[in-house]
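Everything on this sheet refers to the single structure shown next.
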Amino acid sequence: RDDMSFGSIVFTNKGKILQAKAQAGAQLTFTRLAMGDGQLTGQSETELSNLINKKKDIAITKLRPMNNGAVAIGGILSNSDLAQGFYWREIGLFANDPDVGEVLYCYGNAGTLAEYIPAGEGSQILEKRIDIIAITGNASNVSAVIDSSLIFLSVEDLERHNDDLYSHPDIRESIGGLQLAIENIEVPVTSVNGKTGAV
């Protein structure tokens, strides 16, 4: 469904503590994303330490710094290993706290706008990129446990690479030299009276 929305994704209390530690110089390492179908029935999102009803972990495949003290963290959802479908209502981002271990850093719940994820069978196989924007403030030691076996290039990644003036400098130099050589070639032409000249 295209109308799915998490509204806001909030820091948990443990996430706030970890973020404060990161601001003070501690290492902030994101470990995984998770999705579930749990419904909020009066719980405070900030007090959660796990998803209400986790259905699937998502390995991190992308960590990209953004402006204003945020990072984009992404993973790939595949339903190929799902025996039963579920309504994707919860999203969580986990990180490692150097003092207490893994904590739920931030959390979102789509409520009634949950999207149905079918079991992975027959023509119901799907793969989709999941990105979450996490606030890190001015923390300087931010990383992620990235599963490199799941990484693939998106159109956005390719366009960013192609627009980067520092990508493939040897090829750009060769193209520049080739263009200069083409501009300086004298091409023989035959005039209407049969005499040969050059341009």
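The values are calculated or read from the model by the stated rules, or taken from the named source; none is laboratory data. Keep in mind that this is a model prediction, so the values were computed, not measured. So basically every Cβ, Gly included, is an ideal-geometry build from the backbone, and we count neighbours across all protein chains shown. Areas reflect the complete protein model, heavy atoms only, side chains present, ligands, DNA and RNA absent. Shrake-Rupley method; radii C 1.70, N 1.55, O 1.52, S 1.80 Å.
Which fully enclosed strands (runs of 3 or more DSSP E) of the range 6-66 have 1 or more residues being open to solvent by 40 Å² or more (accessible area, probe 1.4 Å) and touching a Leu at 6+ places or on another chain (Cβ under 9 Å)?
28-36, 54-58
Do you know which residues across the range 77-91 are of a type in the set (A, V, I, L, M, F, W, C) and open to solvent by 30 Å² or more (accessible area, probe 1.4 Å)?
Residue satisfying the conditions is ALA83 alone.
Using the structure shown, decide if ALA72 is surrounded by fewer than 16 Cβ atoms within 10 Å (Cβ to Cβ) and not in a strand (DSSP E or B).
Here the answer is no, as ALA72 does not meet what is asked.
Report the residue count in the range 117-142 for those that are surrounded by 13 or more Cβ atoms within 10 Å (Cβ to Cβ), among the polar types (S, T, N, Q) and either closer than 17 Å to GLU90 by Cα or under 19 Å from the mean Cα position of the chain (by Cα) (or both).
1
Looking only at the range 101-128, count every residue that is without any contact (Cβ under 8 Å) to a residue 12 or more places away in the chain and either under 16 Å from LYS54 (Cα atoms) or part of a loop (DSSP other than H, G, I, E, B) (or both) and tell me the total.
1
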